[in-house]
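No lab work stands behind these numbers, since they all come straight from the coordinates. These numbers were taken from a predicted model, which means no experiment stands behind them. Ideal geometry is used to build each Cβ from the backbone, glycine not excepted, and the neighbour counts take in all protein chains shown.
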């Protein structure tokens, strides 16, 4: 439900006049506490869940009630209570006495669980679509505890105090609560309204509920990264192909016979659950679940995720989830974590009568006072009692945050913040980089400017035009207040071989502003000076790759020119995340030649000329160019998170469109260029769950006028002659960099790749254990019968979670077929890394 949502957690609260607190302890017959047991008022969905210590509390108005307590695997217990003041009502639950049906199983027969599961599968769609719309309230509590942390990670010391843990790496690192109203209309209309939200120490808590429905064929496990394909429900349409079942027994509850069925995956490395599902006899609905996902069954990032749900009658024949508990555990790279996210639902309204246009493009809305509630408010409405460790965490972190706010008002705070910065060391200047903050006071608040300088050794570059390059790349961010910022980015480089000094500066002024009632971001960029540029301004090869091939293999793929330039650009990012960019630039372009042939390993090879060999017939002489650029990016169907003062874009299920236009204007400052160039792109990522994810980008463009087009203004296609690739949906992995450059009136490119996410490799030994996934696709462009290219590739990704390796075959009608291997980033973490 809503593919672009990461995480969501829910629970309910109801306010009564003259209410009293009923609380107590829920234990088993051996006096062991039962964590996350369900306690509710009979005939309603008003209730709560016990905490990890088995404690509960419930606020109810004066009157006579039947209090119901239930826990998976235990006999439901009821107690009649008369509420006229605070009461303590404890429950002791007894294990259910499971009875096995007398069944005659013939030779080659099957367990009776299969007949029950077949009936549940037949009823799945009915229960999935039974409720067409509803509202409910939710209370969500989430905790994450560290169980261990290493002293060092990737060679760097771990600051455990900053993590909020003790010297052994143990401690609570996250605690939050929230109260949210949920509104739903089939098939996919959903609106969340956060009434209150609290996080230990301040900030946003977990207000998003995790919608997990086992009536869906494909079940999402909280966030996509935990399982991009989703997971097959034990009662999915095709579940019998994936699971084995065993009837553990049955018990009777409120006139219903409930069957306890063990769910057993048939094969490892498939996206499957294990554990128990409880199905009522006759109406074949889900009574409760206790199901587990593990890393053996395609769970990513975590070692295990346990999902416990309890379903209760809401009205007539309608049952809904009353509470849901997610328990996760992680133990990777020396970091251990366990977390519990308790979701309790109540106050269901199955006939909400939504007004017209109630479901708009706001998916999540925060109340104007969502973060203004004090501790007494939470103490009065919290249905799940805090555990001792949680109370201590709130007290400690909230007190610290309050003390920091008060300290910020005092004069000595600036001095302490300045002293807290670690001194700059020699290794910082040479390798790690220097980061400093300059603190100051504005309107009773402490703010800061920042300074960054890359390590000098990392700023060294090498190419055949300049030789060894010494570069300085500092950056200063000036906080102007009122959501305004000025970024100053000077750049100085000196080539030891050609003895050329190039220096320029960019000034970027950014501000948040309102147009009518909508916020957006404005960016003004002014730049000028002298620089070195690649002929293809998409920079198809980076410095590091070029240095490797130049110094070791004597292949100088990077082709450069120098230019004096001045540039002004304005960009407006709208509240919808659409973006308009308008800019003008003036360049005095200067050809340069190779000035060095130094390599580490001598060979008989010669460096190629700096002028692209494939464009040798196109002259490049010193000239001036004045160019105006415009572009607009648009994605329809954008959803929003609405904060009290603004909206933030959340995403859309529709593709993104981008149109660009460039005009070369002659006779301005001796400009000689004269062209009109256009481009239209559409791109998207489409997740087909079990069948993988499809990503594509299609671009069409050309020159409406090509009276004078210089080499930097050609339409260049992003070739790749190195062993690795990072621009998968905007490049051609085996194409030469400049062979197909053109000024044709029309061209079209297409990049497509399908990520199987384990669909096929999970059946191949070793690959399924390593979780290496198959990826396949094709890249192509067409200009005319003589200028066209197509390539197909097959690869493996998610190697060590970050690496991708492709075998590529490229075909061009004028050349022989090429075969090559390319390495890049791809997988659970690799897809999150963006390299410029």
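At-a-glance table
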{"item": "Mean-position separation - Cα centroids, the stretch 25-97 and the stretch 125-196, in angstrom", "result": "25 Å"}
{"item": "Alpha carbon centroid spacing (whole Å) that separates the stretch 536-581 from the stretch 326-359", "result": "43 Å"}
{"item": "Hydrodynamic radius of the stretch 51-207 per Kirkwood, over alpha carbon pairs, in Å", "result": "21.9 Å"}
{"item": "Contact order relative to length of the chain, as percent, for alpha carbon pairs under 8 angstrom and 6 or more apart", "result": "8 percent"}
{"item": "Packing-based ranking, highest mean first, of 709-720, 68-79 given that Cβ atoms within 10 Å are counted", "result": "709-720, 68-79"}
{"item": "Per-peptide average of other Cβ atoms within 10 Å, ordering 204-211, 250-257, 58-65 highest first", "result": "204-211, 58-65, 250-257"}
{"item": "For 703, 359, order by how many other beta-carbon atoms lie within 10 Å, fewest first", "result": "359, 703"}
{"item": "Over 13 Å [Cα-Cα, the stretch 238-279], rounded percent", "result": "55 percent"}
{"item": "Relative contact order [Cα under 8 Å, 6+ residues apart], the stretch 701-811, whole percent", "result": "21 percent"}
{"item": "Highest to lowest packing among 479-488, 288-297, scored as the average C-beta count within 10 Å", "result": "288-297, 479-488"}
{"item": "Net lengthening on full extension, residue 564/residue 685 (0.36 nm per residue, minus Cα-Cα)", "result": "39.6 nm"}
{"item": "Overall Cα dimensions of the chain, principal axis frame, Å, largest first", "result": "94, 78, 56"}
{"item": "Along principal axes, Cα extents of the stretch 544-625, largest first, whole Å", "result": "57, 31, 21"}
{"item": "Average Cα contact separation per residue, the stretch 404-490, under 8 Å, 6 or more apart, as relative contact order %", "result": "20 percent"}
{"item": "Alpha-carbon Debye profile of the stretch 29-110, log10 I(q)/I(0) at 0.16, 0.22 Å⁻¹", "result": "-0.66, -1.06"}
{"item": "Structure-based [θ]222 nm, the chain - -39500 (n - 2.57) summed over DSSP H runs of at least 4, per residue, nearest 500", "result": "-2500 deg cm²/dmol"}
{"item": "Value of Rg to Rh for the stretch 673-836 (Rh from inverse mean 1/r over Cα pairs, i.e. Kirkwood)", "result": "1.03"}
{"item": "Distance from the stretch 698-716 to the stretch 430-446 (C-alpha centre basis), Å", "result": "45 Å"}
{"item": "Residue order, fewest to most surrounding Cβ atoms within 10 angstrom, among 124, 531", "result": "531, 124"}
{"item": "Angstrom value of the Kirkwood radius, inverse mean 1/r, which spans all Cα pairs in the stretch 754-836", "result": "13.9 Å"}
